[in-house]
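A quick write-up on the structure given underneath.
The values are calculated or read from the model by the stated rules, or taken from the named source; none is laboratory data. None of the values given here were measured: they were computed from a predicted structure. Ideal geometry is used to build each Cβ from the backbone, glycine not excepted, and the neighbour counts take in all protein chains shown. Protein only, heavy atoms only, side chains kept; ligands, DNA and RNA dropped before computing areas. Shrake-Rupley method; radii C 1.70, N 1.55, O 1.52, S 1.80 Å.
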Amino acid sequence: HLGNVVMSYSILVADDESGVRLFIRDVLVTAGYDVTLVSDGADAIKESLQKHFDLLIIDINMPVTNGEVALDTIHQSNPELPIIVISGCYSIENQIHVRNSGASILMHKPVSASAVLEEVKCILGVPS
């Protein structure tokens, strides 16, 4: 059963918009993933240092510590961690920064459940 296969994967989701966090959590938990939610970059850094994660899904524009700083810090401490950036920012500068910070993919908000699941499965190597 697919649920048992993905249960061992732990995903950290960092987004300041509660609706986005809860949507992504619901999609991933329904698919069998273990999900931890945080609402700002500082908490994303803290969680990533305290627990092993198989994937980080992070927004760029967040309070306390923005996503770019969090992305850089997390990537420096764990360069093997796959990262999906989900953001409403479309600037070329953001896209270049995201790519240079080790992110696997940049997804633009709004995102669909199927697109999130497809990218997560692809990055983690989980069969569809």
Grab the beta carbon distance between GLN76 and VAL29, set R0 = 41 Å, and tell me the FRET efficiency rounded to 0.05. 0.90
List the chymotrypsin sites (Phe, Trp or Tyr not before Pro) in the stretch 23-103 that DSSP assigns to loop (not H, G, I, E or B) and whose Cβ has at most 14 other Cβ atoms within 10 Å. Which are they? TYR90
Simple spin-label estimate for LEU22 and ASN66 in nanometres, 7 Å along Cα-Cβ: 2.8
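Can you pull the percent of the stretch 33-120's accessible area that's carbon plus sulfur, 1.4 Å probe, other chains left in place?
51
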Between the stretch 17-63 and the stretch 75-90, the alpha-carbon center distance in angstrom: 11
Treating only the Cβ atoms of Lys and Arg (+1) and Asp and Glu (-1) as charged, compute the dipole magnitude of the chain about its Cα centre; round to the nearest 20 debye. 220
From the residues SER77, ILE92, ASN61, which one has its Cα farthest along the dipole of the chain in the positive direction, the dipole being from +1 and -1 charges on Cβ of Lys/Arg and Asp/Glu about the Cα centre? SER77
Can you give me the angle between helix 41-50 and the longest principal axis of the chain, using Cα atoms only, in degrees from 0 to 90, rounded to the nearest 10? 50
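Given a 1.4 Å probe, how much area per residue of the chain is accessible, in Å²?
Averaged over the residues of the chain, the accessible area is 49 Å².
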Nearest 10 degrees, 0 to 90: helix 113-124 Cα axis against the chain principal axis: 90
At 1.306 mPa s and 10 °C, plugging the Kirkwood radius over alpha-carbon pairs of the chain into Stokes-Einstein gives what diffusion coefficient in µm²/s? 111
Helix 18-30: inclination vs the chain longest Cα principal axis, degrees, rounded to 10, gives 30
